[in-house]
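> Let me begin by handing over the structure; questions about it come next.
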Amino acid sequence: MGTGQVLALLPLLLRGAGIDAADVPRFVGLFVPLIFAVGLPFVPFWGVWADKYSRKAVVVRSAAVETIVLVGTALSGAPWQLAISVGLMGLALGNTGVMLAMLRETAPRARLGLVVATMSAVGPIGFALGPALAAVLVDVLGRPLRDVFLLSAALTAASTTMLAIGVTEVRPTVVPTDGALRLAVRALRGTILDPTTRALFLLFGGTLLAGQMIGTYLPLVVEHAIGTGPGLVSAIGLVVGGSALFGSVATPLTGALGDKVGFRRVLAGGLAASAAATATLSAAPTVPVLAAVATAYALANNGSRAMILALLSVEVPAAQRSATLNLVYLPLYLAGIAGPIVASALVLGGLTVVYLAAALVLAVCAAAALRPPRTAP
């Protein structure tokens with residue numbers, strides 16, 4: 001919820017920190033990559049430390065850091081302070097792959113698609129509820145924007161406590177004993193050299209690249225449709241939050257469908273539908289139409305990401321599986337840096353150019369998804 005609020009309300013936060021309205025699009029494209037630039041050096045190590053010492057501790061660490069990030073965002077009064085708060089969010093990442101590894105070792109194989117898809121739906125639900133809660137606090141109750149992040153910080157602190165008390169440790173079958181650096185290098189090498197893993201990571205990276213291009217400027221698409229007057233926060237909450245919420249509802253059903261007809265078929269169809277919705281996003285004439293198209297995109301995109309995670313759980317060789325799942329969001333970090341930067345360059349030609357380019361990337365990914373997995377020589 002807190003992360004969704006930071007990303008959805010970043011244009012408003014930048015204005016509140018003193019950035020001129022004309023410079024906001026450029027700064028949005030520069031601030032979002034900070035998250036992933038800070039987190040990127042730690043990507044190979046979170047999974048190694050989790051397997052070597054404690055998976056639970058790595059997950060709890062993520063929630064604790066996010067609490068600090070939200071407090072910092074609430075108290076930021078200058079662009080450099082906001083940049084530090086947003087950048088620190090990169091240290092809160094690195095938990096999804098660890099949680100996937102824990103689920104992979106506890107979920108029954110026949111229900112793996114449903115389990116992974118259900119977990120994939122939880123994040124979008126938080127992204128949806130965050131902006132919606134912000135809309136209630138700001139537009140309905142008249143609270144300042146700072147209160148949005150202070151409330152989310154309190155909720156995240158409670159979540160940290162819940163994780164520390166309620167989660168049972170799930171240790172890997174074989175606990176690694178080598179040094180962390182050697183294990184991290186080995187995991188990266190295995191991921192790069194295995195053709196199946198490499199192909200799935202490239203596919204995931206393309207999907208996430210398009211998603212970062214789309215999400216970075218969606219609040220500004222909303223602003224373009226409604227203007228900067230009263231109700232803007234509610235409109236952003238409806239489009240960004242509402243689409244994420246309704247888009248996540250069907251994700252477990254997508255997982256169940258993948259269990260029945262095959263993960264790759266569902267993946268290709270979802271990516272093709274995502275491309276079609278993306279191509280029309282920036283042309284939506286009103287906020288309700290924009291919300292409907294954004295929901296269609298979220299429905300297809302959330303299901304596609306769940307299918308990629310499911311494919312990584314079953315097509316990657318067993319000996320490489322734990323290390324691969326721990327690195328599963330390495331493409332997100334790279335896409336999180338490249339996507340907003342590419343989008344900030346393309347936006348000079350208008351928002352439509354950004355969304356047509358993202359649609360093209362998704363269409364290419366849809367075609368690539370139909371290719372059967374390769375085996376290592």
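> Which helices (runs of 4 or more DSSP H) sit wholly inside region 287-355 and have at least 2 residues that are more than 25 Å from residue 370 (Cβ to Cβ) and modelled with pLDDT of 80 or more?
Those helices (runs of 4 or more DSSP H) span 287-315, 330-346.
> Mind checking which pairs have a first residue in region 58-80 that is without any contact (Cβ under 8 Å) to a residue 60 or more places away in the chain and polar (S, T, N, Q) and a second that is assigned to a helix (DSSP H, G or I) and surrounded by 17 or more Cβ atoms within 10 Å (Cβ to Cβ), Cβ under 6 Å, 6 or more apart or different chains?
Qualifying pairs under 6 Å: 62/92.
> Let me ask something else. Being farther than 17 Å from residue 327 by Cβ and among the hydroxyl-bearing types (Ser, Thr, Tyr) is the filter; apply it to region 90-119 and report the residue that is surrounded by the fewest Cβ atoms within 10 Å (Cβ to Cβ).
106
> Restricting to region 172-184, give me the number of residues that are in contact (Cβ under 8 Å) with a residue 40 or more places away in the chain, surrounded by fewer than 14 Cβ atoms within 10 Å (Cβ to Cβ) and not hydroxyl-bearing (Ser, Thr, Tyr).
Residues flagged as in contact (Cβ under 8 Å) with a residue 40 or more places away in the chain, surrounded by fewer than 14 Cβ atoms within 10 Å (Cβ to Cβ) and not hydroxyl-bearing (Ser, Thr, Tyr) within region 172-184 amount to 1.
> What tally of residues in region 50-85 results from selecting those that are among the acidic types (Asp, Glu) and within 18 Å of the chain's Cα centre (by Cα)?
1
> Next up: Restrict the check to region 89-96 and report whether at least one residue is touching a helix residue (DSSP H, G or I) at 6+ places or on another chain (Cβ under 7 Å) and on the phi > 0 side of the Ramachandran plot.
For region 89-96, residues touching a helix residue (DSSP H, G or I) at 6+ places or on another chain (Cβ under 7 Å) and on the phi > 0 side of the Ramachandran plot: present.
> Let me ask something else about it. Is at least one residue of region 240-256 modelled with pLDDT under 85, among the β-branched types (Val, Ile, Thr), within 30 Å of residue 345 (Cβ to Cβ) and exposed (fewer than 15 other Cβ atoms within 10 Å of the Cβ)?
For region 240-256, residues modelled with pLDDT under 85, among the β-branched types (Val, Ile, Thr), within 30 Å of residue 345 (Cβ to Cβ) and exposed (fewer than 15 other Cβ atoms within 10 Å of the Cβ): absent.
> Quick test for you: out of 324, 278, pick the one residue that is closer than 25 Å to residue 128 by Cβ, β-branched (Val, Ile, Thr) and surrounded by 19 or more Cβ atoms within 10 Å (Cβ to Cβ).
278
> Identify, from the list 136, 148, the residue that is at negative phi and surrounded by fewer than 21 Cβ atoms within 10 Å (Cβ to Cβ).
Going through 136, 148 in turn, just one is at negative phi and surrounded by fewer than 21 Cβ atoms within 10 Å (Cβ to Cβ): 136.
> Do the conditions hold for residue 32, that is, is it surrounded by 23 or more Cβ atoms within 10 Å (Cβ to Cβ), farther than 29 Å from residue 345 by Cβ and of a type in the set (A, V, I, L, M, F, W, C)?
no
> Restricting to helices (runs of 4 or more DSSP H) lying wholly in region 40-141: which have 3 or more residues that are β-branched (Val, Ile, Thr)?
Answer list for region 40-141: 55-75, 112-135.
> Across region 252-298, which residue is farthest from the chain's Cα centre (by Cα) among those that are closer than 17 Å to residue 115 by Cα and hydrophobic (A, V, I, L, M, F, W, C)?
If we take residues in region 252-298 being closer than 17 Å to residue 115 by Cα and hydrophobic (A, V, I, L, M, F, W, C), then 261 is farthest from the chain's Cα centre (by Cα).
> Do we find that residue 284 is in a helix (DSSP H, G or I) and crowded, with 17+ Cβ neighbours inside 10 Å in this structure?
no
The values are calculated or read from the model by the stated rules, or taken from the named source; none is laboratory data. Just so it is clear, the structure is predicted and the values come from calculations on it, not from any experiment. Virtual Cβ from ideal backbone geometry, glycine too; neighbours counted across all protein chains shown.
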